[in-house]
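Have a look at the structure below, then the notes.
The values are calculated or read from the model by the stated rules, or taken from the named source; none is laboratory data. Keep in mind it's a predicted model, so treat the numbers as computed, not measured. In this analysis, Cβ positions are derived from the backbone assuming ideal geometry, glycine residues included, and neighbour counts consider all displayed protein chains. Heads up: the accessible areas ignore ligands, DNA and RNA and are worked out on the full protein's heavy atoms, side chains in. Shrake-Rupley method; radii C 1.70, N 1.55, O 1.52, S 1.80 Å.
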Amino acid sequence: MLPVILGIKQFSWKKFFGCILLLNLAWIASADEAALKNPDGSWKWTNRLIHETSPYLLLHAHNPVDWYPWGDEALALAKRENRLIFLSVGYATCYWCHVMEREVFSNPEIAKMMNEHFINIKIDREERPDLDEIYMTATQLLIQRAGWPNSVFLTPNLKPFYAGTYFPPIDTPNRPGFPTILDAVHEAWVEREAEVIESADQISTAIEMATSRGFTALTARALDQSVTTAALDYLRKAYDTTNGGFGGAPKFPSPSNLEFLLSKYERESGLQTPPTKDELLKMVTQTLDMMAYGGIYDQMGGGFHRYSVDAKWLVPHFEKMLYDNAQLAKIYLKVYQLTEEPQYRRVAEEIFGFIFREMSAPEGGFYSALDAETDAEEGKYYVWTTDEIQKVLGKKEASRFNTVYGVDKGTNFEGKNVLYVPEGSASESALKDLAAAREKLLAARAEREYPLLDTKVIVNWNGLMIDALAYGYDVLGDERYLNAASKAARFILETMRKPDGELLHTYTAGVVKQDAYLDDYAFLARGLLGLYRATGDEEWLDSAKTLTDQMIQLFWDDRNGGFYYTKSDAKHLIVRSKKPYDSAIPSGNAVAVENLLALGDNYREYAEKTLHIFAESMAQSPSSFMHAHFALNNYLTSEADQNASERSIVSATATVKNRDGEVYTVEMQLKIAAGWHINANPPGQDNLIPTTVAVDADAPVEIVEIVYPKGRTTRFEFSDTPLNVYEETLTIPLRLKLKPDARLGEEFSITLQLTYQPCNDTQCLLPQTLDIRLRFPR
């Protein structure tokens, strides 16, 4: 309907050649920086984006287009002059955004058309995810597909009526050029304004239904396993049994899919229908293996690229995003815990190494992304020729390297090589042997022109990385991970807040801006809860509760349940969305549910109401709600635990803190439920059972020293003698020594036995023994 409204006709070769004559081909081919400058080196054009901090917006600051940032000035002007708005949404590491900037927005003839008839607004989608979602939904409704750059035409009242993604500078056989679009849109507004407004109203109503109004108490559904079964069935059918992952090309990592499968694997005692429990784990491990040995993984520098353009994870789209690497690092660590296979630990450690080396802000926090291109050439920074490898390594070492990394199998990317490991896990030993070669090549790569680094610190993405690093410390005991996570958390809590304590969304070049969104609160709280689990430090728990309380106050829908994405006082939004769907990151509502369940009974009702209003859509469209399925699985499991009164009074973890020769220094962290205590060692009375730690007689280590804390001395009604007890949290330090006859690999694990007797003020339960796994690092 819309092409007819706009008067866009079928492709014409005559018009095609006419456009070529009208437009300057030098601009079409490549509008490089020199073409935008005067002979003296000064810029020919400078627009209002020069005052922004976003690297993406600054890339357009010297376009001949009269760009505005989204704000009062531009929106008021559009209304005052009754002019249409052209809204362009993108981000700094978007390849086609760069292409359109060079080919279209740097062309003065096209810019003249834009400036004459439109108010032109440029948005960084990572600064304004609320606007990005609204107008991306519009594009999906209008053309049944979407992507970036997102190019949307709005009425002066901000309602969309025509949209597309990348538009070329001239007409092509498959799509109209941007000048043709501009002419048609302007003509429609001038000649058929009422018709355009009617269409825009209909689209805006559809957006509201898709993002908010369609989720109410009237659409609520019971919460049971049938909902998660729908998700499991979807994943089973979508799974690529040959290459791992889900669907075909292009193929994305989809961490929420993997996290849900792991949660089903860990919580199900047995599945009667496919996939079986073992098949669940295999779906995850095969996917992780294929990714880790494929070209989507940066074999030299660590970290994952955004996605692969093929189905077998070989050739990536080369941008690197903080959120992908945060989510994937945690999943690799989870699978390492389950399987103890060393490649999963290696990948997680290499991801963190990449983050520390290239994505860490010195003041705290983590940068958002690395671009896919340099010199307008995608992948140039990452790919290799055989000559380049041999020049760095020498002929002999290069020959072995090329065999392990698939170079000897021929080029795979525009005459060059994306490195991958064709033999997979069988090459793990060879990968260790080639560590020095990788360091040489990494150093050589660092001499190349570096891709654009987007230095925005974004709260929600940082929350994901804080959570991953805290989990890394919990699993591996590496203090660097804890220090980095703690530093980032404190930076956000101390720097990225308003005087009233509310969060702000982004920090760039010393400037903090934009009210935070639902997922900023939810993801940061998730990271803080991760720090609390890893350390037992109440500071992090208190901060997570404070953020969660603010989240409820600012975003909760009192009428229907669930959380809105924006605050109630957010300006210039045509709808107030709940942004319920997963994207490359989980839905804020889903992560909020996860946190609310973790925080206990006082928050559980909010979690239940949120799940209820989304449950029907979760069952009908499981792929869009996969993290909500993960949260629902947690909810159903915790409900079963609660009904069966199986909640643990004492939980504990143990971590190796140091090694001195054959002696390991270990810390055991205990958490004791509120209202309960356990007997200290010594307990103060001979007839009471003290808390003790032991190892099996056949373990390869023995305890040589253990220091039990003194505990709190208190009196109880049933005893005239003061007793010593442990409450809340405590640390038990111990030293373990390798036995002389121990035969070990590079890493191993043992089980510690914690024996204790739990009591409250009125009763004591039977003594219990808790098995605690202790992993010894290589």
TODO: Report whether or not Ala590 is over 24 Å from Thr495 (Cα atoms) and modelled with pLDDT of 95 or more.
DONE: yes
TODO: Hey, could you check segment 440-481 for residues that are farther than 29 Å from Tyr664 by Cβ and among the charged types (D, E, K, R) and say which is surrounded by the most Cβ atoms within 10 Å (Cβ to Cβ)?
DONE: Lys456
Open item on the list: I'd like to verify a number: residues in segment 679-701 that are over 29 Å from Pro740 (Cα atoms), open to solvent by less than 50 Å² (accessible area, probe 1.4 Å) and out of contact with any Gly (no Cβ under 9 Å at 6 or more places or on another chain), how many?
Closed with: 3
- [ ] Answer yes if at least one residue in segment 539-561 is out of contact with any Lys or Arg (no Cβ under 6 Å at 6 or more places or on another chain), hydroxyl-bearing (Ser, Thr, Tyr) and closer than 30 Å to Ala200 by Cβ, and no otherwise.
- [x] no
Task: Any chance Leu524 is surrounded by fewer than 23 Cβ atoms within 10 Å (Cβ to Cβ), assigned to a helix (DSSP H, G or I) and touching a helix residue (DSSP H, G or I) at 6+ places or on another chain (Cβ under 7 Å) - done: no
Open item on the list: Residue under question is Pro733, and the condition is that it be outside any strand (DSSP E or B) and at pLDDT 75 or above; does it hold?
Closed with: no
Open item on the list: Going by what's in this entry, would Gly561 be described as within 21 Å of Asp130 (Cβ to Cβ), in contact (Cβ under 8 Å) with a residue 40 or more places away in the chain and touching a Ser or Thr at 6+ places or on another chain (Cβ under 7 Å)?
Closed with: yes
Open item on the list: So, in segment 36-79, exactly how many residues are part of a helix (DSSP H, G or I) and not small (Gly, Ala, Ser)?
Closed with: 14
- [ ] Residues that are touching a Cys at 6+ places or on another chain (Cβ under 8 Å): find the strands (runs of 3 or more DSSP E) completely inside segment 579-696 holding 3 or more of those.
- [x] 677-679
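Can we say Thr155 is touching a residue at least 60 places away in the same chain (Cβ under 8 Å), crowded, with 21+ Cβ neighbours inside 10 Å and of a type in the set (Val, Ile, Thr)?
The answer is yes for Thr155.
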Task: Where a residue in segment 288-317 is on the phi > 0 side of the Ramachandran plot and its partner, wherever it lies, is open to solvent by 10 Å² or more (accessible area, probe 1.4 Å) and hydrophobic (A, V, I, L, M, F, W, C), with Cβ under 7 Å and at least six apart - done: Trp313/Met290
Task: Residue under evaluation Thr205, criteria (1) open to solvent by less than 50 Å² (accessible area, probe 1.4 Å); (2) in a helix (DSSP H, G or I); (3) β-branched (Val, Ile, Thr), criterion not met - done: (1)
Task: Selection status of Thr762, of a type in the set (Ser, Thr, Tyr), at pLDDT below 80 and closer than 30 Å to Gly675 by Cα - done: yes
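Those residues that are aliphatic (A, V, I, L, M) and open to solvent by 20 Å² or more (accessible area, probe 1.4 Å), I need them from segment 527-542; list them, please.
Matches in segment 527-542: Leu541 only.
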Open item on the list: If I filter segment 632-653 for residues that are farther than 30 Å from Leu765 by Cα, at pLDDT 90 or above and not hydroxyl-bearing (Ser, Thr, Tyr), do I get at least one hit?
Closed with: yes
Open item on the list: Among the residues that make up segment 265-274, is at least one of them at negative phi and open to solvent by less than 10 Å² (accessible area, probe 1.4 Å)?
Closed with: no
Open item on the list: From the list Asp278, Asp240, exactly one residue is open to solvent by 40 Å² or more (accessible area, probe 1.4 Å), acidic (Asp, Glu) and either free of Cβ contacts under 8 Å to residues at least 40 places away in the same chain or out of contact with any Cys (no Cβ under 8 Å at 6 or more places or on another chain) (or both). Which is it?
Closed with: Asp278
Task: Which listed residue, of Val704, Val725, is open to solvent by 40 Å² or more (accessible area, probe 1.4 Å), modelled with pLDDT of 80 or more, touching a Lys or Arg at 6+ places or on another chain (Cβ under 9 Å) and outside any loop (DSSP other than H, G, I, E, B) - done: Val704
Open item on the list: Suppose we filter Phe118, Phe105 for residues that are touching a Leu at 6+ places or on another chain (Cβ under 7 Å) and either open to solvent by 40 Å² or more (accessible area, probe 1.4 Å) or not acidic (Asp, Glu) (or both); which single one remains?
Closed with: Phe118
Task: Pairs with Cβ under 7 Å, 6+ apart, first in segment 487-512 and at negative phi and in contact (Cβ under 8 Å) with a residue 24 or more places away in the chain, second part of a strand (DSSP E or B) and aromatic (Phe, Trp, Tyr) - done: Ala488/Phe366; Thr495/Tyr507; Met496/Tyr507
Open item on the list: With touching a residue at least 40 places away in the same chain (Cβ under 8 Å), surrounded by fewer than 21 Cβ atoms within 10 Å (Cβ to Cβ) and more than 31 Å from the chain's Cα centre (by Cα) as the only criterion, which of Glu397, Glu358, Glu373 stands out?
Closed with: Glu397
TODO: State all residues of segment 564-581 that are more than 19 Å from Leu547 (Cα to Cα), within 19 Å of the chain's Cα centre (by Cα) and open to solvent by less than 30 Å² (accessible area, probe 1.4 Å); if no residue qualifies, say none.
DONE: Pro580
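Restricting segment 486-521 to residues that are among the acidic types (Asp, Glu) and in contact with a strand residue (DSSP E or B) (Cβ under 9 Å, 6 or more places away or on another chain), which is least open to solvent (accessible area, probe 1.4 Å)?
Restricting to residues being among the acidic types (Asp, Glu) and in contact with a strand residue (DSSP E or B) (Cβ under 9 Å, 6 or more places away or on another chain), the top hit is Asp520.
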